[in-house]
Amino acid sequence: MTPISAPPAAPSRIQGLRCRECGTNTPLGAKYVCEECYGPLEVVYDYDVIRRMMTRETVEKGPRSIWRYLPLLPVSESCIVTLQEGCTPLVAAPRLGKELGLRNLWIKNDAVNPTYSFKDRVVACAVSRAKEFGFETISCASTGNLGCSVAAFGGVGGMRAVVFIPADLEPSKITGIGAYGPTLIAIDGNYDDVNRLCAEISATRPWAFVNINLRPFYSEGSKTLGFEVAEQLGWRAPDHVVVPIASGSLLCKVKKGLQELETLGLIGPVNTRFSGAQAVGCAPVASAFLENRDEIRPVRPETIAKSLAIGNPADGPYALDIIRKTGGGAAAVTDEEVIRGMKLLARTEGIFTETAGGVTVATVAALARSGKIGPDELTVAYITGNGYKTQEAIIPTLAKPPVIRASVAEVDRVLSGA
Ligand SMILES: *Cc1c(COP(=O)(O)O)cnc(C)c1O
Ligand SMILES: [Zn+2]
């Protein structure tokens, strides 16, 4: 569907959209599939133009948000809608590394974005682009985090936000969405059902669905997790990254981000190995890798890692290809390992992540054990969401604090274990 008003001319650094399968070019627009072959579309840039406007210095002088990389994002400066997302900490993780036998482990802590997940990066791009196209309603099919972000950015961008979720989402995510005041609709079904429904709605209503008709623009926001890590490491690519996989888009775009910096001469050659993290109850990409299959078999998700519970991942085949070609690995971890991973990261590095982060930590542990991650590789684990959103997952595993009278003797009694 076309938006209400005509979009302004795109900056010359953005050339249009191109099919990732057959390479057919098409002008910029709110579309996501190739008219020739139904392949996915991707934004194409003119790197010769960008090279003249973007240096390490211009980036370092830019805003402390994803918009310091504006030349590589599919938005005009005048249309940016922002909550100062991005520029999250990259921290050395020596205590976690010691537990796992890794001497050069880093955590990219994206749990501290404005709505507490990495989705603020992608939604900032999609909402800004939707405004630029002239849309008045922003919508999405969400596993939780995306809905929080769409609701928040819709409000700030002065747009109507309509969020669709599976009805069995974690209560804190439903609250986290509702607080921003969107129209929130829960569907009796899983994420893949919600996504199918939204694809149907997007064909009939003039709405911008961030992860459907705006998907080519939305997904570009994930590149900033590649840009930032390279800049924070002093303009170099890591040796190994471990990335959680839902649709597979994040993993693909971290790769694209690093490659673009190489293309622009901002970092040296990229030899980063890419490893994917999934939960046993929803591991279509990891199991294809581990069973050495090319085809991704859709699954019916059954895991506490609900933000990764996409049974039929749109970018799964591309993510699998990157994992293989870069010499990375994958793991499918159990819900018990997820909880252990959440607690281990909190205890060792002071970062409370959601279940998706537990999947990532558990995957790092598994790949370190098997020798897939070398002990001295500069490894970055992407922690993409905040633990306060999935409290119900760990509440049953935490001891209730003793309640005592305010007396020193009572404290002594409790501390002595009596
Ligand atoms: C959405 C999400 C991901 C991964 O998303 P992709 O669909 O693979 O791009 C990872 N972690 C969290 C917390 C998420 O919400
Ligand atoms: Zn095509």
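Let's see how each residue does on (1) on the phi > 0 side of the Ramachandran plot; (2) within 23 Å of the chain's Cα centre (by Cα):
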{"site": "GLY23", "(1), (2)": "yes, no"}
{"site": "CYS37", "(1), (2)": "no, no"}
{"site": "ILE50", "(1), (2)": "no, no"}
{"site": "ARG64", "(1), (2)": "no, yes"}
{"site": "PRO71", "(1), (2)": "no, yes"}
{"site": "ILE80", "(1), (2)": "no, yes"}
{"site": "LYS108", "(1), (2)": "no, yes"}
{"site": "ALA124", "(1), (2)": "no, yes"}
inquiry  = Just checking, does region 210-226 include any residue being within 16 Å of ligand 1 (Cβ to nearest atom), at pLDDT 95 or above, closer than 30 Å to GLY371 by Cα and hydroxyl-bearing (Ser, Thr, Tyr)?
reply    = yes
Which numbered condition GLY97 misses (of (1) crowded, with 24+ Cβ neighbours inside 10 Å; (2) away from ligand 1 (no atom under 16 Å from the Cβ); (3) not in a loop (DSSP other than H, G, I, E, B); (4) not basic (Lys, Arg)) = (1)
remark   = Across (1) among the polar types (S, T, N, Q); (2) in contact (Cβ under 8 Å) with a residue 60 or more places away in the chain; (3) surrounded by fewer than 20 Cβ atoms within 10 Å (Cβ to Cβ); (4) under 24 Å from GLN232 (Cα atoms), GLN84 clears everything bar (2)
request  = Could you grab me the full set of residues in region 199-232 that are over 17 Å from ILE165 (Cβ atoms) and assigned to a loop (DSSP other than H, G, I, E, B)?
outcome  = ARG205, PRO206, ASN213, LEU214
ask   = What pairs come up if the first residue lies in region 14-25 and is of a type in the set (Gly, Ala, Ser), the second is away from ligand 1 (no atom under 16 Å from the Cβ) and part of a loop (DSSP other than H, G, I, E, B), and their beta carbons are under 6 Å apart, counting only those six or more places apart or on different chains?
value = GLY16/PRO27; GLY16/LEU28
query = Within region 366-373, can one find any residue that is buried (at least 24 other Cβ atoms within 10 Å of the Cβ) and not in a helix (DSSP H, G or I)?
reply = yes
ask   = Do we find that TYR382 is within 12 Å of ligand 1 (Cβ to nearest atom) and either crowded, with 22+ Cβ neighbours inside 10 Å or not in a strand (DSSP E or B) (or both) in this structure?
value = yes
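The values are calculated or read from the model by the stated rules, or taken from the named source; none is laboratory data. Please read all numbers here as calculations on a predicted model, not as lab measurements. Neighbour counts are summed over all protein chains in view; Cβ atoms, including those assigned to glycine, are modelled from backbone coordinates with ideal geometry.
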